[in-house]
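Derivation of every value follows stated rules applied to the coordinates shown; laboratory data play no part. This is a predicted model, so every value here is computed, not measured. Positions of Cβ are backbone-derived with ideal geometry, glycine not excepted, and every protein chain shown enters the neighbour counts.
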Amino acid sequence: MKIRLITPAPPSSLAGNRATAIRWARIFKSLGHSVEISVDYQGEEADLMVALHAWRSAAAIDLFSTKYPDRPLIVAITGTDAYKFIHTHPQPTLHSIERADLLVGLHDLIANTMPKQHRHKMRVIYQSARSMRARQPVKRSFRVCVAGHLRDEKDSLRPAMAVRDLPASSRIKIEHYGKAHTEDWAQQAEKEMAHNARYRWHGEVPHAKLRKIYRSSHLLALPSRMEGGANVISEAVTAGLPVIASHIDGSIGLLGEDYPGYYEVENADRLREQLLRAESDKNFYQSLQAACEKRRELFTPANERKGWQQVLKELKKL
């Protein structure tokens, strides 16, 4: 089968959407299909389209479904689709959802964001991460890694705010990796560094370097206001790196409702408490590790491949 895989992230991008597209293409090829990844679509021949983003890929989805109405179409619902564009740009987003034969989501609660008449089309495929060598956290500090671009949806500077007034006895340091989406975000991060010795923004780094950072860290902090199923959680869990995350559906749908490492969204005080507790309370830290370990099998490459194998098999029966 010839698959056209649409992603809004260009080839030069280090964004998660590009990494997801590349990983999915690899899976499709391993299942015996040919794959073409592109940012746009001009009506090229394809037996199946898989489109990342209901809103950003709306033009490609509309053209493919119009030109090839009898050929299957899968739309992958992202965090901004589910928690933003379905409200701010409902017409193109809902049109993409309606045109899809199946929807793919990345966490267990994603179907709740869809119109009731389309929830039956949702299939959850967890994003995977490759295993890595055992962690060796740095000894000179309690390193908290933040891996995400600086933008509103990520509530990017909340971890920095949480460590502004820590007691002198704390060794917590926030190491932030990700591109600033605007110059204003870059200026905010630079200003924070100038006044907050516990925070350092490193900008965007290659994925291989980020994997090394996971190995040398004590925690991953994920402060997002919205997530469609963050691959950084898959990476952290696979690395054995405990997570402190905002209590949002996108993280609950990956870590589980009973995960002990949540804090209230945008609540720097509560985040501060969780970070300090992870640093000082060995039993709490071990409970985070144990809870992540229980979820590890969800994020294996074999499980992601199995998920796509089942979805493609299901398409043949439609």
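Summary of computed values
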quantity	calculated
Charge dipole of the chain about the Cα centre (unit charges at C-beta), most positive-ward option of Q286, Y41, H195	Q286
Longest site-free stretch - the chain; sites: GluC sites (Glu not before Pro), DSSP loop, at most 16 other Cβ within 10 Å	46-203
Inter-centroid distance (Cα atoms) of segment 248-285 relative to segment 181-205, Å	23
Zone residues, segment 229-243, relative to R296, backbone N less than 20 Å from point 7 Å out along Cα-to-Cβ	231-243
Nearest-ten-degree value, helix 268-280 long axis tilted from longest Cα axis of the chain	70
³J(HN,Hα), Karplus 6.51/-1.76/1.60, whole Hz, each residue of segment 135-142, x for Gly, Pro	5, 9, x, 4, 9, 7, 7, 9
In Å, descending, principal axis extents of the Cα set of segment 142-299	39, 33, 28
Integer Hz, Karplus 6.51/-1.76/1.60 couplings in order for segment 178-186, x for Gly and Pro	x, 7, 7, 6, 9, 5, 4, 5, 4
Per-residue [θ]222 nm for the chain (sum of -39500 (n - 2.57) over DSSP H runs n ≥ 4, rounded to 500)	-11500 deg cm²/dmol
In order through segment 244-249: 3J(HN,Hα) via Karplus (6.51 cos²θ - 1.76 cosθ + 1.60), integer Hz, x for Gly, Pro	10, 9, 5, 7, 10, 4
Helix 16-30 axis, angle to the chain major axis (alpha carbon atoms, nearest 10°)	50
For segment 217-260: Kirkwood Rh in Å [reciprocal of mean 1/r, alpha carbons]	10.4
Sequence of D47, D155, D184 once ranked by neighbouring C-beta atoms within 10 Å, starting from the fewest	D184, D47, D155
Top positive-direction residue, dipole computed over the chain with Cβ charges, set F299, Q117, L222	F299
Potential lengthening between S30 and E204 on full extension [0.36 nm per residue; Cα-Cα distance subtracted]	59.6 nm
Using a Förster distance of 45 Å, the FRET efficiency for L63-A194 (Cβ separation, nearest 0.05)	0.40
Relative contact order (%) - criterion: Cα under 8 Å, at least six apart; region: the chain	16
Sites D47 and K317, calculated FRET efficiency, Cβ-Cβ separation with R0 22 Å, nearest 0.05	0.90
Candidates Y199, Y83, Y41: whichever shows maximal mean-square fluctuation once the chain is modelled as a Gaussian network with Cα springs under 10 Å	Y41
Charge dipole (the chain, unit charges on Cβ, about Cα centre) - positive-most of A208, T80, G253	A208
Length gained when the stretch D165-K306 is fully extended (0.36 nm per residue, less Cα-Cα span)	46.1 nm
Simple Cβ-charge dipole of the chain, Lys/Arg +1 and Asp/Glu -1, about Cα centre, in debye nearest 20	1260
Among T80, T66, T20: highest mean-square fluctuation, GNM of the chain, C-alpha pairs under 10 Å	T66
Largest-first ellipsoid semi-axes for the chain, taking √(5λ) over the Cα gyration tensor eigenvalues, angstrom	36, 20, 18
Amide H contacts under 5 Å for V104, placed H, 5+ residues apart	V75, A76, I77, R123
In nm, spacing of pseudo-spin labels at R133 and H95 (7 Å Cα→C-beta vector)	5.2
Per-q log10 I(q)/I(0), segment 1-135, q = 0.09, 0.18 Å⁻¹ (Debye; single scatterer per alpha-carbon; no solvent)	-0.25, -1.00
Cut-off 20 Å (backbone N to label point 7 Å along Cα→Cβ of D281), residues of segment 163-202	163-173
